[in-house]
Amino acid sequence: MNKEVRSCDLYLLEEKLDNLNYYESVLCSGLSNTINHMSYGGSTLYILQGRGICFIDELLDKLSLAYRYLDIEELFSLKQEQYSRVMVTLPFMDFDKIQDLKTNVVQFFHTYGTYRIAGMNDDTIVLEGDYDEGIMEKSISKSSLNKLNGLKIKPLGVPFKLIYLESLEVSEENKRNCIENNIRQLIQSDFYEDERGGWIKGSDFYRSFNNILRNNWEQMNKVSKYVLLQSIQNGSSFFYRREYNEALKTQINQHFEELERSGNLWRKVARLIKKSIVEEKPIDYERIDTVVSSIEKEELSLFERILKERVISEYV
């Protein structure tokens, strides 16, 4: 797999840990078939999740790795030899504009980047991240971090995550359990809802997605439509399906055509939705329904087969 299609946070984690390579981290992060929904600006946002984690600390929890969160003062008091244990997650944005954000306005951040510390002084931290263009260097001041920490943020409510790794080694058993548990969750139906929003996961995801498009699309404003579209386009390779398939091929020497096909079909869904938005025309519900039904068939049958044939446990 070329570096340019890698997930930046997992690529960074490979650098930090002693015995978790990039492809293992992809498999341990897992896939997701989840729709999250919440209210924002008088409309309902629908955000699809194709990867099993949103933030890197969720993977650390899955792997039972010890870590702690730093506050801003702790971050700036670190010694240089401690930098290598830190991962900094921040919203994708121009850090120079943070001071211009209004504290009485809800800010919308739903894409984030994860960085290593390249340097620091009393007031500013220099960060490095691995992206399509290569290594990207960015700086953020302590005052901007404090400002960010005081903002009202939706939909994830996360201004930043300052993570200090206390453990650098993952057990083989935790890797295997993590991968198998994720596959199992993909074929189970689950949902949650409260006054703030909720989610639908697992086998009910596909039909629920079709129903949301059919019943809610025309009532959604343009922002909501773009958020839904971007959530499908997020991920280094077709809703993370190709990336996961490449990891399976590398780690256990198995390549699944079903994931190759479903990745291509997810890209097709994104193109159909984008066409509707750009051309300001009704969405082609029948065509999308057919495509998503094909994805459902490909993915659920594969996930069930992986568990039944104990594909993971035989090779990990």
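Mind listing just one residue for me: the one in the stretch 79-104 that is in a helix (DSSP H, G or I) and polar (S, T, N, Q) and, of those, least open to solvent (accessible area, probe 1.4 Å)?
Out of the qualifying residues, it is 82.
Table: residues versus (1) more than 21 Å from residue 304 (Cβ to Cβ); (2) modelled with pLDDT of 95 or more; (3) out of contact with any Leu (no Cβ under 9 Å at 6 or more places or on another chain); (4) not basic (Lys, Arg).
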site	(1), (2), (3), (4)
211	yes, yes, yes, yes
221	yes, no, yes, yes
233	yes, no, yes, yes
239	no, no, no, yes
255	no, no, no, yes
269	yes, yes, yes, yes
273	yes, yes, no, yes
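How many residues are under 19 Å from the mean Cα position of the chain (by Cα) and open to solvent by 70 Å² or more (accessible area, probe 1.4 Å) when one looks only at the stretch 196-222?
Residues meeting the conditions: 1.
How many residues are open to solvent by less than 20 Å² (accessible area, probe 1.4 Å) and assigned to a loop (DSSP other than H, G, I, E, B) when one looks only at the stretch 159-171?
Total meeting the criteria: 1.
Results for (1) farther than 30 Å from residue 173 by Cα; (2) hydrophobic (A, V, I, L, M, F, W, C), shown as yes or no for each residue.
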position: 31; (1), (2): no, yes
position: 36; (1), (2): yes, no
position: 41; (1), (2): yes, no
position: 58; (1), (2): no, no
position: 84; (1), (2): no, no
position: 100; (1), (2): yes, no
position: 105; (1), (2): yes, yes
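Among the candidates 90, 59, 17, 45, which residue alone is over 19 Å from residue 163 (Cβ atoms) and either in contact with a Pro (Cβ under 7 Å, 6 or more places away or on another chain) or not polar (S, T, N, Q) (or both)?
Only one candidate qualifies: 45.
Which residues, taken from the stretch 121-144, are touching a strand residue (DSSP E or B) at 6+ places or on another chain (Cβ under 8 Å), modelled with pLDDT of 95 or more and buried (at least 19 other Cβ atoms within 10 Å of the Cβ)?
125, 127, 140, listed by residue number.
If I filter the stretch 105-158 down to residues being in contact (Cβ under 8 Å) with a residue 60 or more places away in the chain and part of a helix (DSSP H, G or I), which single residue comes out as nearest to residue 80 (Cα to Cα)?
142
Go through the residues of the stretch 271-281 one by one and say whether even a single one is surrounded by fewer than 19 Cβ atoms within 10 Å (Cβ to Cβ), within 23 Å of residue 189 (Cβ to Cβ) and without any contact (Cβ under 8 Å) to a residue 24 or more places away in the chain.
No, the stretch 271-281 contains no residue that is surrounded by fewer than 19 Cβ atoms within 10 Å (Cβ to Cβ), within 23 Å of residue 189 (Cβ to Cβ) and without any contact (Cβ under 8 Å) to a residue 24 or more places away in the chain.
Has the stretch 244-253 got any residue that is open to solvent by 90 Å² or more (accessible area, probe 1.4 Å) and at pLDDT below 95?
yes
With a cut-off of at least 2 residues that are of a type in the set (Phe, Trp, Tyr), name the helices (runs of 4 or more DSSP H) lying wholly within the stretch 210-316.
285-308
Tally up the residues in the stretch 163-194 that are farther than 20 Å from residue 311 by Cβ and either of a type in the set (Gly, Ala, Ser) or touching a Gly at 6+ places or on another chain (Cβ under 8 Å) (or both), please.
6
Looking only at the stretch 105-120, filter to residues that are surrounded by 15 or more Cβ atoms within 10 Å (Cβ to Cβ) and within 16 Å of the chain's Cα centre (by Cα); which one of those is farthest from residue 72 (Cα to Cα)?
This residue is 110.
So residue 2 clears everything in (1) surrounded by fewer than 21 Cβ atoms within 10 Å (Cβ to Cβ); (2) modelled with pLDDT of 95 or more; (3) within 22 Å of residue 260 (Cα to Cα) except one condition, right? Which one?
(2)
The values are calculated or read from the model by the stated rules, or taken from the named source; none is laboratory data. All figures in this text were calculated on a predicted structure; none of them were measured in a lab. Neighbour counts are summed over all protein chains in view; Cβ atoms, including those assigned to glycine, are modelled from backbone coordinates with ideal geometry. Side chains included, ligands, DNA and RNA excluded: accessible areas come from the protein's heavy atoms. Shrake-Rupley method; radii C 1.70, N 1.55, O 1.52, S 1.80 Å.
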